[in-house]
Amino acid sequence: MKVARTILKVLFYLSSFIPLYVLLVVQNIKIFDNEGILLSFNAFLKQFLYTSTSVSIFWIGLLILFLLSSFGVALFFLVYSKTEGRVGTIKDTEFIREDTMGYIVTYIVPLISMDIHSGRSLTINFLLFFIIGTFYVRNDQLFMNPIYNICGYNVFSADEHIYITKIKKSKLKVIARRNIYVKKVNLIGDIYVITEEPMQSQNSDNLYG
């Protein structure tokens, strides 16, 4: 069970770096040659495998990370966000928005500077990626994921709980104050994905404001 939980955390961690993977592809992929001419299909493929060892390792590693990250994304959006969970209320407390932008600036941006033609640079950035991952997994930082924000989710901390939800902060306060039921799905530890119950949604809309 502990191993399964660790694998789950690792998948969520890898998925939080999807913006980095996209930026690295845009930064390093070649579509035109040095003279500005569109690469042929064979020349385009050669840049991934038939080049220096470090570059090949980079592209293979990036492909593997993309594939593993897709599992983390699927788990959240196709499993946890769709799970029945349990119906309950949330405490009327201060909902503090978690700073996902700080996560991007602190952890993602520095990794863009890697030089894929340098084995030393790849090694250093891999170690940095590993160190960040160790911190992320051991401290259950699964809620720090820019993908959630991109897809319309908000992340709030409240007392000892973390809520990932599409419900706006102002409406969340009304729901908590009026003890309106919501659906809560435990992601891991004290982290929950919460959505409005269909039968309760209209009530909260009437009470909102």
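The values are calculated or read from the model by the stated rules, or taken from the named source; none is laboratory data. Note that this is a predicted model, so its numbers are computed, not measured. Every residue, glycine as well, gets a Cβ built from its backbone with ideal geometry; the counts of neighbours run over all protein chains shown.
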Q: Please give the number of the condition Gly102 fails out of (1) within 17 Å of Ile162 (Cβ to Cβ); (2) among the small types (Gly, Ala, Ser); (3) more than 24 Å from the chain's Cα centre (by Cα).
A: (3)
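Got at least one residue in segment 81-91 being part of a helix (DSSP H, G or I) and under 18 Å from the mean Cα position of the chain (by Cα)?
no
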Q | Residues of segment 84-99 satisfying the condition of being surrounded by 14 or more Cβ atoms within 10 Å (Cβ to Cβ) and within 16 Å of Ile164 (Cβ to Cβ) | A | Gly85, Ile90, Phe95, Glu98
Q. Considering only helices (runs of 4 or more DSSP H) fully contained in segment 1-69, which possess at least 3 residues that are charged (D, E, K, R) and either surrounded by fewer than 15 Cβ atoms within 10 Å (Cβ to Cβ) or within 28 Å of the chain's Cα centre (by Cα) (or both)?
A. 2-15
(Q) I'm told Ser118 meets every condition in (1) under 16 Å from the mean Cα position of the chain (by Cα); (2) under 30 Å from Lys30 (Cα atoms); (3) surrounded by fewer than 17 Cβ atoms within 10 Å (Cβ to Cβ); (4) among the small types (Gly, Ala, Ser) except one. Can you identify the failing condition by its number? (A) (1)
Q. Where in segment 97-180 are there helices (runs of 4 or more DSSP H), lying wholly inside it, with at least 3 residues that are within 17 Å of Tyr192 (Cα to Cα) and among the hydrophobic types (A, V, I, L, M, F, W, C)?
A. 169-177
Q: Go through segment 13-43 and count every residue that is closer than 26 Å to Ser69 by Cα and either in contact with a Phe, Trp or Tyr (Cβ under 7 Å, 6 or more places away or on another chain) or at pLDDT below 85 (or both).
A: 2
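Yes/no per residue for (1) closer than 30 Å to Val174 by Cβ; (2) modelled with pLDDT of 85 or more:
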| position | (1), (2) |
| --- | --- |
| Ser52 | no, no |
| Phe58 | no, yes |
| Phe95 | yes, yes |
| Tyr107 | no, no |
Q | Evaluation of Val182 against (1) of a type in the set (A, V, I, L, M); (2) more than 30 Å from Asn28 (Cβ to Cβ); (3) at pLDDT 90 or above; (4) within 20 Å of the chain's Cα centre (by Cα) (one fails), failing number | A | (4)
Q: Report yes if some residue within segment 167-177 is farther than 18 Å from Asp99 by Cβ, touching a residue at least 60 places away in the same chain (Cβ under 8 Å) and among the hydroxyl-bearing types (Ser, Thr, Tyr); otherwise report no.
A: no
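Name the residue that is modelled with the lowest pLDDT, counting only residues in segment 185-209 that are closer than 29 Å to Arg138 by Cα and not in a strand (DSSP E or B). Show your work before the answer.
Residues of segment 185-209 closer than 29 Å to Arg138 by Cα: 185-195.
If we keep only those that are not in a strand (DSSP E or B) too, we end up with 189-190.
Working: Gly189: 85, Asp190: 90.
This residue is Gly189.
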Q: Could you please find all residues in segment 134-193 being over 17 Å from Arg5 (Cβ atoms), among the hydroxyl-bearing types (Ser, Thr, Tyr) and in contact with a helix residue (DSSP H, G or I) (Cβ under 6 Å, 6 or more places away or on another chain)?
A: Tyr181
